[in-house]
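What follows is a short report on a single structure.
Where a number appears in this text, it was derived from the coordinates with a stated rule and is not lab data. The structure presented is a predicted model; accordingly, all values stated were derived computationally and were not measured. Quick reminder, even Gly has a Cβ in these numbers, built from the backbone with ideal geometry, and neighbours come from all protein chains shown.
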Amino acid sequence: MNDAIQAETTMIAGAGADQIQAYFARPLDPTPRGGVVLIHHLPGYDQLTKEMARTFAVNGYQAIVPNLYWRDAPDASPDDAAAFVRGQGGIADERLVGDVGAAAAFLRGQPASNGKVGVIGHCSGGRQVVLSACDLPAGTLDAAVDCYGAFVILSGPEGSGMRATSIKDKLANLNAPLLGLFGADDKFPAPAEVAEFEKSLTELGKPYEFHSYEGAGHAFFATDRPSYRPEAAKDGWQRIWDFYGRHLSA
Amino acid sequence: MCTYSTANVPISGSGKGTAGWFPLTAATVYLDHPVDAPAEHTLNIDFRNPDRGAAARVAVELDPAAAREVAEAILAMLDAAPPGLVEPA
């Protein structure tokens, strides 16, 4: 068995066929396999997100992280690019959705693709996962993982200076099974918002599974932050492997 | 939590970044996750000049209590300035 992986920065066609930077990690074994689009969080196209891409590759998935800030701040360091984009109020939902769809197409175009593609995002990326699974055509995404995404049900604070409006009205269009992983101590999303999210999905008959972890708040997967909660993160990763194992197998 | 809350303040002045001094035109102020400081949340300020690109930035990530002390020191210093030295707000 060849367990080698390759990971590198490349360029892909994003929304509107714009060339954008992306980080692509995949196993070298040519066995057909599923793909995963990683949506980086508000702080940008950073080392931890790239490390997650390598983790997906090690576990048998082709993974890509589109640099969502490339057009705004090409060649800038991830923190400078994130600060620049924050100063502009964030990125437009339409462009984000287009970039996720284009990244999914890139993965399906790989010789070792089995035709299945999932998406995962943390924090702001969690909301963008749900948004993408609602706005992209059915069949684009086969499984979606939202890790503590806020402002799915509630809009961002008034006058927050950032674009993050409720996407509750879009949930009827959700066209991929959804795994949600949340911290019970989180404020954004607070347990009440998660409960309302779950209620909406139940009423709409959408396939989903949610897990909330006691003793964990926001960003419990982030190994580089004090918010890291190893027990929640380890269980969360197991949930992800199980979920993608069921939905991204050929 | 990610707060998203962000104040954008037009400013004038100068800042010293990795490429030396440059004119500042904007300050972005937010309480959110830091990139580097060992804390879950910090008061972050990016002193910027967007026209010069994303790297034209002087960034600080302050412990919230320290940020308040700095803010109060700034206001006290301005309030105590001799008459005529500072334009009225």
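Residues of region B:1-28 being surrounded by fewer than 16 Cβ atoms within 10 Å (Cβ to Cβ), within 10 Å of chain A (Cβ to nearest Cβ) and more than 13 Å from A:Asp80 (Cβ to Cβ), which ones? Residue satisfying the conditions is B:Ala7 alone. Taken over region A:27-86, the criterion of being assigned to a helix (DSSP H, G or I) and more than 9 Å from chain B (Cβ to nearest Cβ) is satisfied by A:Gln47, A:Leu48, A:Thr49, A:Lys50, A:Glu51, A:Met52, A:Ala53, A:Arg54, A:Thr55, A:Phe56, A:Ala57, A:Val58. When B:His33 is tested against (1) in contact with a Phe, Trp or Tyr (Cβ under 8 Å, 6 or more places away or on another chain); (2) facing another protein chain (nearest Cβ under 9 Å); (3) touching a residue at least 24 places away in the same chain (Cβ under 8 Å), exactly one condition is not met: (1). Note on region A:142-250: enclosed strands (runs of 3 or more DSSP E) holding 2 or more residues that are in contact (Cβ under 8 Å) with a residue 12 or more places away in the chain and surrounded by 23 or more Cβ atoms within 10 Å (Cβ to Cβ) are A:143-147, A:178-183. Would you confirm whether any residue within region B:29-50 is over 30 Å from A:Asp224 (Cα atoms) and surrounded by 10 or more Cβ atoms within 10 Å (Cβ to Cβ)? No, region B:29-50 has no match at all.
Regarding B:Arg52, is this residue in contact (Cβ under 8 Å) with a residue 12 or more places away in the chain, more than 8 Å from chain A (Cβ to nearest Cβ), under 23 Å from A:Pro78 (Cα atoms) and not aromatic (Phe, Trp, Tyr)?
yes
Being in a helix (DSSP H, G or I) and among the charged types (D, E, K, R) is a property that B:Glu40 lacks. Selection within region A:87-130: residues that are surrounded by fewer than 19 Cβ atoms within 10 Å (Cβ to Cβ) and among the basic types (Lys, Arg). The member of this set that is farthest from the other protein chains (Cβ to nearest Cβ) is A:Arg108.
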